[in-house]
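*Asks:* Can you read through this structure? Questions will come right after.
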Amino acid sequence: MQTIEISKKVNVIGHYDVVVCGGGCAGFTAAISAARSGARTALIERYGFIGGTATAGYVVPISGFFFKGKRVVGGIAWELVEELEKRGAALVEYPKGHVSYNPEYYKQIAEQMLVSAGVDLYTNSYISSCRVADGRVTHVIFESKNGSEALSADCFIDATGDGDLFKLSRCEFLGGAKSTLQPLSLCFIITGVDVSTPLLRDCIHHNGFAGKNSKNTEIASFLSGLYGEGKAPKFGGPWFNAILKGDSLAVNVTRAEADATDRASYAAAERKLRADMFRIVDLLRERYPEFKNCEIVSSAINAGVRETRHIKGLYTVTLKDFEEGKVFECPVAHSAHPMDIHSPKDEKQTLIYLDKDAFIPYETMICDRISNLIAAGRCISAESGPYASLRVQATLMSIGECAGIAASLCAKEKLSVTDIPRGRLNRLIFERGAVL
């Protein structure tokens with residue numbers, strides 16, 4: 001392969017106490033959290049809006065707020081839900097506690113929360129490199145229509161999902177075959193659906209009423225038969241999710257195996273998923289009167305990514321930890337969702353319900369190589385079993401809020417992320433309304 005060498009000067013356009021890379025569910029809560037802790041904070045986000053998979057990916061509902069009938073996630077995450085409810089844009093689906101919502105309102109409210117907290121937003125910007133000196137990230141370089149620019153900070157938070165800043169700073173990741181990573185899905189929105197009949201009425205709200213699972217078993221059986229005959233593409237679920245008003249639904253049904261950290265692999269999977277989306281909708285129109293007049297009105301900006309890299313943290317949360325309900329010195333989040341494992345090879349899904357309360361320790365978010373870098377979101381250090389539980393939005397928002405508190409301490413008191421007093425961090429998390 002031919003290579004070229006490029007050398008360029010990059011303008012450093014700002015210095016902050018905390019810079020957060022990624023504005024998804026973990027990133028925007030981390031930025032708000034850091035700013036509310038008194039840190040001058042910036043957020044770099046590749047899209048022109050906030051929310052990640054919730055808004056760009058149409059992953060509805062928000063899961064992970066409740067465990068065995070009690071709410072186990074509070075803080076900024078629950079504040080977002082309450083603000084959405086005030087606008088008539090969210091419905092908490094009791095007793096399970098999943099939250100159906102309208103993605104457009106989510107975008108606006110999340111942005112308003114960031115601006116109100118005083119966070120500087122660098123949207124439409126994609127991180128491409130970083131500078132490391134003496135075991136610290138000193139600058140992050142990002143690309144936009146302005147070209148290459150840089151920000152410096154006392155502490156950085158990697159909320160990219162894929163652990164991009166950890167990768168750029170040459171940190172270690174957990175091993176594991178890429179063939180075992182959970183698959184991609186391209187979610188989409190359809191309109192013109194008859195949601196009044198038993199086929200859809202009891203499954204589009206994720207509350208468990210009428211004994212109905214959120215997975216539509218009737219349609220799953222139909223698609224499975226066609227898939228076995230080679231007449232339908234690989235699929236998952238399907239899940240049809242209310243976005244509250246009218247005859248529109250968010251749909252999660254497509255599935256593809258790919259490495260989302262590789263450009264070519266990701267692009268090929270997205271092309272397949274987009275074609276599969278139309279094939280599946282055509283099959284639904286032909287089979288079910290409820291879909292006869294439906295139309296695809298929007299698909300996610302990118303295929304949704306369930307799993308890529310996991311950092312090698314000071315601690316890796318294990319399946320045994322979750323099975324035993326291990327309580328850590330400094331838990332940062334209460335994981336409530338079943339271990340939800342989607343097969344990359346076929347339409348199968350494994351759901352393992354938790355018997356005991358499960359917790360995520362702070363040490364899963366940091367490593368010993370870089371003293372001012374914290375992970376927030378799905379790239380934290382976890383085995384595949386517990387990861388399949390903690391990867392849902394409510395849990396990741398809790399992790400993000402803790403990351404913001406820890407980063408502000410790191411910046412203001414010139415501490416290494418490994419030296420933050422755990423008791424103090426724990427107390428600050430509780431003061432924010434966490435349910436631990």
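*Asks:* Considering the range 77-91 alone, what residues qualify as being surrounded by 13 or more Cβ atoms within 10 Å (Cβ to Cβ), out of contact with any Phe, Trp or Tyr (no Cβ under 7 Å at 6 or more places or on another chain) and not in a helix (DSSP H, G or I)?
*Replies:* Passing the criteria: only LEU91.
*Asks:* Cβ contacts < 6 Å: first residue charged (D, E, K, R), restricted to the range 352-378; second residue not in a helix (DSSP H, G or I), any location; separation 6+ or different chain. Result?
*Replies:* Sorted first by the residue in the range 352-378, then by its partner, the pairs are LYS356/GLY325; ASP357/GLY325; GLU363/GLY313; GLU363/LEU314; GLU363/TYR315; ARG369/CYS171; ARG378/GLY161; ARG378/ARG391.
*Asks:* If you don't mind, another one. So SER265 passes all but one of these: (1) in a helix (DSSP H, G or I); (2) open to solvent by 40 Å² or more (accessible area, probe 1.4 Å); (3) small (Gly, Ala, Ser). Which condition number does it fail?
*Replies:* (2)
*Asks:* Can you go through ARG432, ARG391, ARG427, ARG378 and tell me which one is closer than 28 Å to VAL92 by Cβ, out of contact with any helix residue (DSSP H, G or I) (no Cβ under 9 Å at 6 or more places or on another chain) and among the charged types (D, E, K, R)? Step through it out loud before you land on a result.
*Replies:* On the way: ARG432 fails: out of contact with any helix residue (DSSP H, G or I) (no Cβ under 9 Å at 6 or more places or on another chain); ARG427 fails: closer than 28 Å to VAL92 by Cβ; ARG378 fails: out of contact with any helix residue (DSSP H, G or I) (no Cβ under 9 Å at 6 or more places or on another chain).
Going through ARG432, ARG391, ARG427, ARG378 in turn, just one is closer than 28 Å to VAL92 by Cβ, out of contact with any helix residue (DSSP H, G or I) (no Cβ under 9 Å at 6 or more places or on another chain) and among the charged types (D, E, K, R): ARG391.
*Asks:* GLU111 - would you say it is part of a helix (DSSP H, G or I), farther than 15 Å from GLY400 by Cα, touching a residue at least 24 places away in the same chain (Cβ under 8 Å) and among the acidic types (Asp, Glu)?
*Replies:* So GLU111 fits the description; yes.
*Asks:* I would also like to ask the following. Out of (1) among the hydrophobic types (A, V, I, L, M, F, W, C); (2) under 15 Å from PRO386 (Cα atoms); (3) open to solvent by 10 Å² or more (accessible area, probe 1.4 Å), what's the single condition that is false for ALA275?
*Replies:* Going through the list (1) among the hydrophobic types (A, V, I, L, M, F, W, C); (2) under 15 Å from PRO386 (Cα atoms); (3) open to solvent by 10 Å² or more (accessible area, probe 1.4 Å), ALA275 breaks only (2).
*Asks:* Go through GLU329, GLU347 for me and flag whichever is in contact with a Lys or Arg (Cβ under 7 Å, 6 or more places away or on another chain), surrounded by fewer than 16 Cβ atoms within 10 Å (Cβ to Cβ), assigned to a loop (DSSP other than H, G, I, E, B) and not β-branched (Val, Ile, Thr). Before you say what the answer is, go through the steps one by one.
*Replies:* Details: GLU347 fails: surrounded by fewer than 16 Cβ atoms within 10 Å (Cβ to Cβ).
When all the criteria are applied, what remains is GLU329.
*Asks:* Being among the basic types (Lys, Arg) and modelled with pLDDT of 95 or more is the filter; apply it to the range 92-135 and report the residue that is farthest from ALA39 (Cα to Cα).
*Replies:* LYS107
*Asks:* On to the next question. In the list TYR126, TYR105, which residue meets the criterion of being without any contact (Cβ under 8 Å) to a residue 40 or more places away in the chain and in contact with a Lys or Arg (Cβ under 6 Å, 6 or more places away or on another chain)? First the steps, then the outcome.
*Replies:* Working: TYR126 fails: without any contact (Cβ under 8 Å) to a residue 40 or more places away in the chain.
Checking each option against the conditions leaves just TYR105.
*Asks:* On to the next question. In the range 180-204, how many residues are surrounded by fewer than 20 Cβ atoms within 10 Å (Cβ to Cβ) and within 21 Å of the chain's Cα centre (by Cα)? If you could, list the steps in order and put the result at the bottom.
*Replies:* If we filter the range 180-204 for residues that are surrounded by fewer than 20 Cβ atoms within 10 Å (Cβ to Cβ), which is where we start, we get 180, 189, 191-192, 194-199, 201-202.
Filter once more, keeping what is within 21 Å of the chain's Cα centre (by Cα): 180, 189.
The qualifying residues number 2.
*Asks:* Pull up the range 350-373, narrow it to residues that are of a type outside the set (Ser, Thr, Tyr), over 16 Å from the mean Cα position of the chain (by Cα) and part of a strand (DSSP E or B), then point me to the one that is surrounded by the fewest Cβ atoms within 10 Å (Cβ to Cβ).
*Replies:* The initial filter retains those residues of the range 350-373 that are of a type outside the set (Ser, Thr, Tyr), namely 351-352, 354-361, 363, 365-370, 372-373.
Still in the list and also over 16 Å from the mean Cα position of the chain (by Cα): 351-352, 354-359, 361, 363, 366-370, 372-373.
Subset that is part of a strand (DSSP E or B): 351-352, 358-359, 361, 373.
Numbers: LEU351: 12, ILE352: 15, ALA358: 27, PHE359: 22, PRO361: 23, LEU373: 27.
Here the residue is LEU351.
*Asks:* ALA39 passes all but one of (1) open to solvent by less than 40 Å² (accessible area, probe 1.4 Å); (2) under 25 Å from SER335 (Cα atoms); which number fails?
*Replies:* All conditions pass for ALA39, except number (2).
*Asks:* Still on this model: So which residues in the range 195-231 are in contact with a Pro (Cβ under 8 Å, 6 or more places away or on another chain), part of a loop (DSSP other than H, G, I, E, B) and closer than 19 Å to MET277 by Cα?
*Replies:* The answer is ASN216, and nothing else.
*Asks:* Test each condition in (1) open to solvent by 30 Å² or more (accessible area, probe 1.4 Å); (2) at pLDDT 95 or above; (3) not β-branched (Val, Ile, Thr) for GLY161 and report the one that comes out false.
*Replies:* That leaves (1) as the condition not met.
So that you can scan it fast, the table gives a plain yes or no per residue for (1) at pLDDT 95 or above; (2) farther than 29 Å from VAL18 by Cβ; (3) hydroxyl-bearing (Ser, Thr, Tyr):
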residue: SER298; (1), (2), (3): yes, yes, yes
residue: ASN302; (1), (2), (3): yes, no, no
residue: VAL305; (1), (2), (3): yes, no, no
residue: THR308; (1), (2), (3): yes, no, yes
residue: TYR315; (1), (2), (3): yes, no, yes
residue: THR364; (1), (2), (3): yes, no, yes
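*Asks:* Now, a different point. Does ASP247 fit the bill of being farther than 24 Å from GLY230 by Cβ, in contact with a strand residue (DSSP E or B) (Cβ under 8 Å, 6 or more places away or on another chain), open to solvent by 50 Å² or more (accessible area, probe 1.4 Å) and outside any strand (DSSP E or B)? Walk me through it before giving the result.
*Replies:* Working: farther than 24 Å from GLY230 by Cβ: yes; in contact with a strand residue (DSSP E or B) (Cβ under 8 Å, 6 or more places away or on another chain): yes; open to solvent by 50 Å² or more (accessible area, probe 1.4 Å): yes; outside any strand (DSSP E or B): yes.
Answer is yes for this residue.
*Asks:* Got a number for residues in the range 1-60 being polar (S, T, N, Q), in contact (Cβ under 8 Å) with a residue 40 or more places away in the chain and either assigned to a loop (DSSP other than H, G, I, E, B) or over 19 Å from ILE157 (Cα atoms) (or both)?
*Replies:* So the first thing to find is which residues in the range 1-60 are polar (S, T, N, Q), and the list is 2-3, 7, 11, 29, 33, 37, 41, 53, 55.
If we keep only those that are in contact (Cβ under 8 Å) with a residue 40 or more places away in the chain too, we end up with 11, 29, 33, 37, 41, 53, 55.
Still in the list and also either assigned to a loop (DSSP other than H, G, I, E, B) or over 19 Å from ILE157 (Cα atoms) (or both): 11, 37, 55.
Qualifying residue count, the range 1-60: 3.
*Asks:* Let me ask something additional. Name every residue in the range 378-436 that is charged (D, E, K, R), outside any helix (DSSP H, G or I) and under 20 Å from the mean Cα position of the chain (by Cα), in order of residue number.
*Replies:* Step one: of the range 378-436, the residues charged (D, E, K, R) are 378, 383, 391, 401, 412-414, 419, 422, 424, 427, 431-432.
With the extra rule that they be outside any helix (DSSP H, G or I), the set shrinks to 378, 383, 391, 413-414, 419, 432.
Correct list: ARG378, GLU383, ARG391.
The values are calculated or read from the model by the stated rules, or taken from the named source; none is laboratory data. Quick caveat: nothing in here was measured; it's all calculated off a predicted structure. Please note: Cβ atoms are built from the backbone with ideal geometry, for glycine as well, and neighbour counts cover all protein chains shown. Just so you know, the surface numbers come from the protein's heavy atoms only, side chains and all, with ligands and any DNA or RNA stripped out. Shrake-Rupley method; radii C 1.70, N 1.55, O 1.52, S 1.80 Å.
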